[in-house]
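Note sheet for the following structure.
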Amino acid sequence: QMRESLVLIRRKLVQLLSIMRAFALEHKDLPTLGYTHYQPAQLTTVGKRCTLWMQDLLLDLEEVDRQIETMPMRGVKGTTGTQASFLDLFDGDHDKVKALDKRIVELMGFKKSIPV
């Protein structure tokens, strides 16, 4: 569920950035007063200011991508959180349990599982 939520957040961020891009381009020549340390400063444009907001969102998007990429899956574990039931199923063959765990993790779109 966490991964699905991150994918949804990612999709919404990309949509928002697309909308903001159009806004920034539309207002690239509209002057506005810039501020520094809450003091009036040089003129800037509304479009430029929008790109600064977009930069923060791009950093957030990179973090969401990193979280999606590195998030581990629980893997195949029984009701007690161990692989004991799978060891019984495969007559104590640890390699088969590891192979099953790896296969399920890959099928679910993850790169690794939590070992414990």
**Message:** Can you pull out every residue in the stretch 35-73 that is out of contact with any Leu (no Cβ under 7 Å at 6 or more places or on another chain), modelled with pLDDT of 95 or more, surrounded by 13 or more Cβ atoms within 10 Å (Cβ to Cβ) and closer than 30 Å to L107 by Cβ?
**Reply:** D65
**Request:** Show the residue pairs that are 6+ apart or on different chains and have beta-carbon atoms under 6 Å apart, the first residue being within the stretch 97-114 and in contact (Cβ under 8 Å) with a residue 24 or more places away in the chain, the second being exposed (fewer than 14 other Cβ atoms within 10 Å of the Cβ) and of a type outside the set (F, W, Y).
**Result:** K112/P72; S113/P72; I114/P72
**Asked** Looking at the stretch 1-16, which of the residues that are surrounded by 10 or more Cβ atoms within 10 Å (Cβ to Cβ) and touching a residue at least 40 places away in the same chain (Cβ under 8 Å) is farthest from G109 (Cα to Cα)?
**Response** L16
**Request:** Considering each residue of the stretch 30-51, count those that are touching a strand residue (DSSP E or B) at 6+ places or on another chain (Cβ under 9 Å) and in a helix (DSSP H, G or I), and give that number.
**Result:** 3
**Enumeration of residues in the stretch 74-107 that are at pLDDT below 90 and under 17 Å from E4 (Cβ atoms)** = R74
**Prompt:** What number of residues within the stretch 102-111 are in contact with a helix residue (DSSP H, G or I) (Cβ under 8 Å, 6 or more places away or on another chain) and either surrounded by 14 or more Cβ atoms within 10 Å (Cβ to Cβ) or over 30 Å from L13 (Cα atoms) (or both)?
**Reply:** 1
**Asked** Tell me, which residue of the stretch 64-101 that is in a loop (DSSP other than H, G, I, E, B) and basic (K, R) is farthest from K12 (Cα to Cα)?
**Response** K77
**Evaluation of H27 against (1) touching a strand residue (DSSP E or B) at 6+ places or on another chain (Cβ under 9 Å); (2) modelled with pLDDT of 95 or more; (3) loosely packed, with under 15 Cβ neighbours inside 10 Å (one fails), failing number** = (3)
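The values are calculated or read from the model by the stated rules, or taken from the named source; none is laboratory data. Note that the structure is predicted; figures quoted are calculated from it, not measured. Reconstructed Cβ throughout: ideal geometry from the backbone, glycine too, with neighbour counts over all protein chains shown.
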